[in-house]
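Engineer: One structure, as structure tokens, below. Some questions next.
Just so it is clear, none of the values below were taken in a lab; they were calculated from the coordinates. Since the structure is predicted, the reported quantities are computational estimates derived from the model, not experimental observations. Note that each Cβ is placed from the backbone with ideal geometry, even for glycine, and that neighbours are counted across all protein chains shown.
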Amino acid sequence: MTEMRANTKKLFIKTYGCQMNVYDSDRMSDALAPHGYETTLDMAQADLVLLNTCHIREKASEKVFSELGRLKELQGERRAMGGDMMIGVAGCVAQAEGEEIARRAPVVDMVFGPQAYHKLPDMLARAQAQRHMHPSLKKAVIDTDFPEEDKFEHLPAARKEVTIKRGLTAFLTVQEGCDKFCSFCVVPYTRGAEVSRPVAQVIAEARSLVDAGVKEITLLGQNVNAYHGLDAADRSVSLGELAYLLAEISGLERLRYTTSHPRDMDDVLMNAHRDLDILMPYLHLPVQSGSDSILKAMNRRHTAAEYMAIIERIKAARPDMALSGDFIVGFPGETDADFEDTLKIIADVGYASAYSFKYSTRPGTPGANLGDQVPEDVKNERLWRLQDLVNAQTTAFHASCVGKTLPVLIERPGRMPGQVGGRSPYLQAVHLDGSPELIGAIHQVEIIGTSTNSLVGRLKAVAAA
Ligand code: SAM
Ligand code: SF4
């Protein structure tokens, strides 16, 4: 066994899924740091392994059970060498499967949902006590409640060293949960009702990130533009209003947010895009389908025409807005004509990028009870056609940038020696020749070409935007 300092224990967190889980994993390591846990990149060396799971993708729970099988072996190896390994399952699969995980995988010491992260040190202490029980009496510690109390109130502020490790860009969760209940989606069941963090908490966390060197913050929420946090006067503040407040933080150079719902795109947020240089011209606004009957069956509560009207308003406020979306093909009952409507809305919008998925049932959602499932080969064919169209749009969008000069936040050394890399305002990766001293600031870069998924640039002037 590797020699360890008496009180230092190693923590390994495997994060699945979205940026929200990345944020939550950082908060879990923050919560455990005062209890002597430091993170390791080597799972085999860990005293505590946490799987921070995501339930959105297909076969999510099978993947978790197969990882637990591997962990059981690693735990055996560590025990054979006189050590031990505790195992916890967190996140949305834990929330959805709870007891079932503990029953099927007795190797697990803790199972807890996204609302319980602040209680992690306490759960760990209880799980450690269980370790001394006779194996027939030993029980996993399970916490999948949706408590009234606010987990953000109890989580420690982000540690500076964690922030620095994250680099120049950081995520900041401002809103959790969802009340929309789209018929295909597990989020309202796994993340619970919509909750917004108070304005002061968000501003304080943003300030501490900026103090630690972060230049770009992405505000996170399952339904981020439904944000309605309270200010000091108990007034409800919208995401657009929050953007104006965050723009006053000196040193914060870029602001993004994800993921938004079309119904929550209000005028204040659109105006913020018009008024605030700090708010990047990139919007991820999923529509899922271009067919009104499928949108209705999905319970999206807007039509294709209403979505298009929102896109027009956004483009009026910020003409260079790059748009991104999510699409589901093969929702139950989707006909060829419905799918053609989806291709049409993609052609009409002209996306800079998009994510597309084959529909797959999530137990417990209304979609799981629908008949008229679309055969797998039809879903595959639709997905490929949709992705061909989106890829062509992405290529065209990249090509339209050639010849322009864009402010690029240089974030890291490039893949080749003598190169650096960063992001354009439109979230495109940009590579250029340059020295590492460029890293950490926004530079004007002339775009001279494109490669598969990125832009090639040339430094124009060493000046902050
Ligand atoms: N809140 C966001 C919204 O309203 O669009 C998205 C949340 S979800 C985490 C991310 C994406 O996963 C969805 O936009 C949808 O396209 C996809 N997704 C969710 N459930 C799905 C399912 N059952 N089958 C296929 N794709 C799904
Ligand atoms: Fe899921 Fe997004 Fe619909 Fe909420 S709005 S139910 S998170 S897809």
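Engineer: Please label the shape of region 1-152 as rounded, prolate or oblate, based on the square roots a ≥ b ≥ c of the eigenvalues of the alpha-carbon gyration tensor (a/c under 1.5 means rounded; beyond that, a/b larger than b/c means prolate, else oblate). If you can, show how the numbers build up before the last one.
Structural biologist: On the way: a/c = 1.36, a/b = 1.23, b/c = 1.11.
Judged from the Cα gyration tensor, region 1-152 comes out rounded (a/c under 1.5).
Engineer: Can you work out the base-10 log of I(q)/I(0) for region 170-214 at q = 0.19, 0.27, 0.29, 0.33 1/Å, using the Debye formula on its C-alpha atoms alone?
Structural biologist: Cα-only, vacuum Debye calculation for region 170-214: -0.66, -0.88, -0.95, -1.10.
Engineer: Let me make sure I get this right: for region 169-245, a, b and c are the square roots of the gyration tensor eigenvalues over alpha carbons, sorted descending. Under 1.5 in a/c it's rounded, otherwise prolate if a/b > b/c, else oblate. Which is it? Intermediate values should be presented prior to the final figure.
Structural biologist: Details: a/c = 2.55, a/b = 1.53, b/c = 1.67.
Oblate, because a/c is 1.5 or more while a/b does not exceed b/c.
Engineer: Please give the direction-averaged projected area of the C-alpha convex hull for region 365-465, in square nanometres with one decimal. List each step's numbers first, then the result.
Structural biologist: Working: hull surface 37.7 nm².
Its average projected convex-hull area is 9.4 nm².
Engineer: Still on this structure: Using only alpha carbon positions, build the gyration tensor of region 52-125, then give the equivalent ellipsoid semi-axes as the square roots of 5 times its eigenvalues, largest first, whole angstrom. Kindly include the intermediate steps, with their values, before the conclusion.
Structural biologist: Values: eigenvalues 90, 53, 17 Å².
Rounded to whole Å, the semi-axes are 21, 16, 9.
Engineer: Here is a further query. What aspartates and glutamates sit close enough to residue 315 to cross-link, taking a C-alpha to C-alpha distance under 18 Å and skipping anything fewer than 8 places away on the same chain?
Structural biologist: 264, 266, 267, 275, 277, 306, 348
Engineer: Any chance you could get the radius of gyration and Dmax over the Cα atoms of region 305-359, in Å?
Structural biologist: Rg, Dmax (Cα atoms, Å): 12.5, 37.
Engineer: Continuing with this model, one more query. Please give the per residue volume of the convex hull enclosing the alpha carbon atoms of region 321-391, rounded to a whole number of Å³. Walk me through the intermediate numbers first.
Structural biologist: Details: hull volume 6.1 nm³, N = 71.
Cα convex hull per residue, to the nearest whole number: 86 Å³.
Engineer: Let me ask you something else. Could you list, in their original order, any pairs among 10/119; 10/59; 215/460; 10/72; 10/138 whose Cα atoms are separated by more than 26 Å?
Structural biologist: The answer is 10/59.
Engineer: How many angstrom separate the Cα center of region 191-248 from the Cα center of region 16-52?
Structural biologist: 24 Å
Engineer: Considering every pair of different Cα atoms, what Kirkwood radius, in Å, is found for region 5-63? Mind showing how you got there, number by number?
Structural biologist: Values: mean 1/r = 0.0817 Å⁻¹.
In region 5-63 this quantity evaluates to 12.2 Å.
Engineer: Sticking with this structure for a sec: Farthest toward the dipole's positive end in the chain, which of 369, 308, 442, given Cβ charges of +1 (Lys, Arg) and -1 (Asp, Glu) about the Cα centre?
Structural biologist: Sorting the options by dipole projection puts first 442.
Engineer: Work out, step by step, the length gained on full extension between residue 399 and residue 146: first 0.36 nm times the residue separation, then minus their alpha carbon distance; give nm to one decimal.
Structural biologist: Length gained, residue 399 through residue 146: 86.4 nm.
Engineer: Let me ask you something else. So which cysteines in the chain don't have a second cysteine's C-beta under 4.7 Å from them?
Structural biologist: 18, 54, 92, 178, 401
Engineer: Which one, 28, 236, 87, is farthest towards the positive end of the dipole of the chain when Lys and Arg carry +1 and Asp and Glu -1 on their Cβ?
Structural biologist: The Cα lying farthest towards the positive end belongs to 87.
Engineer: Show that you can apply the helix-only estimate: for the chain, add -39,500 (n - 2.57) for every DSSP H stretch of four or more residues, divide by all residues, and state [θ] at 222 nm to the nearest 500. Don't skip to the end; give the middle numbers.
Structural biologist: Values: 15 runs with 165 residues, N = 465.
Per the formula, -10500 deg cm²/dmol.
Engineer: Determine the distance separating the Cα centre of region 74-107 from the Cα centre of region 358-395; give it in Å without decimals.
Structural biologist: Each part reduced to its Cα centre gives a spacing of 33 Å.
Engineer: While we're here: Which of the peptides 340-352, 372-384 is most tightly packed, and how do the rest follow, judged by the mean count of other Cβ atoms within 10 Å per residue?
Structural biologist: Numbers: 340-352: 18.1, 372-384: 14.7.
Ranked from most to least packed, the peptides come out as 340-352, 372-384.
Engineer: With a 10 Å radius around each residue's Cβ, average the other Cβ atoms per peptide and rank 61-74, 255-268, highest first.
Structural biologist: Working: 61-74: 15.7, 255-268: 19.4.
Those peptides, ordered most packed to least, come out 255-268, 61-74.
Engineer: Quick check on the exposure proxy: order 404, 180 from fewest to most C-beta atoms within 10 angstrom.
Structural biologist: Values: 404 13, 180 17.
So the ranking, lowest neighbour count to highest, is 404, 180.
Engineer: Here's a follow-up. About the Cα centre of the chain, what is the dipole size in debye to 20, counting +1 per Lys and Arg Cβ and -1 per Asp and Glu Cβ, all else neutral?
Structural biologist: On the way: 52 positive and 61 negative charges, 219 e Å.
Computed about the Cα centre, the dipole is about 1060 debye.
Engineer: How large is the convex hull of the Cα atoms of region 263-320 per residue, expressed in Å³ as a whole number? Write out the running numbers ahead of the final one.
Structural biologist: Details: hull volume 4.4 nm³, N = 58.
Looking at region 263-320, the number lands at 75 Å³ per residue.
Engineer: Estimate the FRET efficiency between residue 247 and residue 138 by the formula 1/(1 + (r/R0)^6), using the beta-carbon distance for r and 51 Å for R0, to the nearest 0.05. Working shown, then result.
Structural biologist: On the way: r = 53 Å, r/R0 = 1.03.
According to the calculation, E is roughly 0.45.
Engineer: List every DSSP H helix in the chain whose Cα atoms extend 24 Å or more along the helix's own long axis and whose mean Kyte-Doolittle hydropathy is at least -1.0. Can you show the working numbers first?
Structural biologist: Values: long enough: 60-80 (30 Å, -0.91); 376-401 (37 Å, -0.64).
Answer set is 60-80, 376-401.
Engineer: Determine which lysines satisfy two conditions relative to residue 180: a Cα distance under 17 Å, and not lying fewer than 8 residues away in the same chain.
Structural biologist: Partners within reach: 296.
Engineer: Which semi-axes, in whole Å and largest first, does the equivalent ellipsoid of the chain have when worked out from the alpha carbon gyration tensor as the square roots of 5 times its eigenvalues? Mind showing how you got there, number by number?
Structural biologist: Details: eigenvalues 269, 171, 101 Å².
Over the Cα atoms of the chain, the semi-axes work out to 37, 29, 22 Å.
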